[in-house]
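Here is the structure we will look at, set down as structure tokens.
Computed from the coordinates by the stated procedures, all read-outs in this text should not be read as laboratory data. Because the structure is a prediction, the values reported are computed rather than measured. Reconstructed Cβ throughout: ideal geometry from the backbone, glycine too, with neighbour counts over all protein chains shown.
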Amino acid sequence: MQAADSYFVDFRDVWLAYNDELLAQNHFAVEAIDLQIRQGEFIAIVGPSGCGKSTFMKLATGLKMPSMGKILIDGQSVTGPLKISGMAFQAPSLLPWRTTVDNVLLPLEIVEPHRSQFKAKRKEYEARARALLQKVGLGGYEDKFPWQLSGGMQQRASICRALIHEPKMLLLDEPFGALDAFTREELWCILRDLQAEQKFNVILVTHDLRESVFLADTVYVMSKSPGRFVVKRDIELPRPRDLEITYTKEFTDIVHELRGHIGALRKAGAPLQQ
């Protein structure tokens, strides 16, 4: 368990090369990552395309092991894929032959200790899934199939699926990037409310600076490859935040400041890989 004075996520001088050949050439995807996140904190990571944001997510979930350095999550060294995390991506990737509620239940069928109890606890788990779907505005759509849902509805279901096993950490990789502006802002508010209620940690990778400032406690800017954190910006806007705050000077000043950092990174050095 996590000690009171320690961090929930602790990256200690983490470097990653994708294979031994690249390592021998000192060619790293991310380098010198030092990052400490407290219990219940919401962070966002922004930066130019190809800077290593998604690579960082693979390290945070245990899908990739660092070439050098150490990663501790909830006081434990990361040695493989984490069971205490949930993930959602830009594509909702719901299984087309399963109803919304059955898609949401999927992690409970796969992840222990739920997997071995699934048949016995099916009714309890299904009630939990239906309650979560109600909470995100999908009441009445629980028994529909993905093709009967809009893109925004599918993404809500995807977030429910990521949270159904009550993870301690939610990792979001561009989850709202493909949605229209109104749907995106609706989902910001849903995520804001779920996180305020359940207090799970969130690591959000996004290209949307407004999204990062609205949702996060802290925004980190990553440099071009090899990716490293070059700016840490605490967002000291009061919570709970309503969408009206996005029109204030205080909010837009932070967005412009972050845009300036990313603009400077884009101009530095060689052209970016797309």
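What do you get for trypsin sites (Lys or Arg not before Pro) in the range 76-146 restricted to DSSP loop and a cutoff of at most 12 other Cβ within 10 Å of the site's Cβ? Passing both the DSSP loop test and the Cβ count: no residue. Pull out a ≥ b ≥ c, the square roots of the eigenvalues of the alpha-carbon gyration tensor of the range 76-228, then state rounded if a/c is under 1.5, prolate if not and a/b is larger than b/c, and oblate in the remaining case. Oblate shape, in that a/c is at least 1.5 and b/c is the bigger or equal ratio. Sparsely packed loop sites in the range 202-244 (the trypsin sites (Lys or Arg not before Pro) outside DSSP H, G, I, E and B with at most 14 other Cβ atoms within 10 Å) do not occur. Averaging the sequence gap over all C-alpha pairs within less than 8 Å and six or more residues apart, then dividing by the number of residues, gives the range 1-120 a relative contact order of 26 percent. The alpha-carbon positions of the range 166-250 define a convex hull whose volume is 117 Å³ per residue.
Within the chain, the longest run free of exposed loop sites, counting chymotrypsin sites (Phe, Trp or Tyr not before Pro) that sit outside DSSP helix and strand states (H, G, I, E, B) and have at most 16 other Cβ atoms within 10 Å, spans 98-274. Separation of the alpha carbons by more than 19 angstrom is noted, of Lys64/Lys267; Lys224/Lys267; Lys83/Lys144; Lys168/Lys199; Lys121/Lys168, for Lys64/Lys267; Lys83/Lys144; Lys121/Lys168. Full extension of the chain between Leu23 and Ile245 yields a length gain of 75.4 nm, computed as 0.36 nm times the residue separation minus the alpha carbon distance. For the range 146-274, the antiparallel share of DSSP beta bridges with both residues in that region comes to about 50%. Using C-alpha pairs below 8 Å separated by at least 6 residues, the relative contact order for the range 29-92 is 23 percent.
Screening the chain for DSSP H helices whose Cα atoms reach 15 Å or more along their own axis and whose mean Kyte hydropathy is at least -1.0 gives 100-110, 151-163, 181-198, 249-267. Shape analysis of the range 124-201 places it in the oblate category; the axes a ≥ b ≥ c from the Cα gyration tensor give an a/c of at least 1.5, with a/b not above b/c.
For the pair Arg259 and Ala131, label points projected 7 Å from Cα toward Cβ lie 4.3 nm apart. Sequence-distant contacts, meaning Cα pairs under 8 Å at least 6 residues apart, place the relative contact order of the chain at 26 percent.
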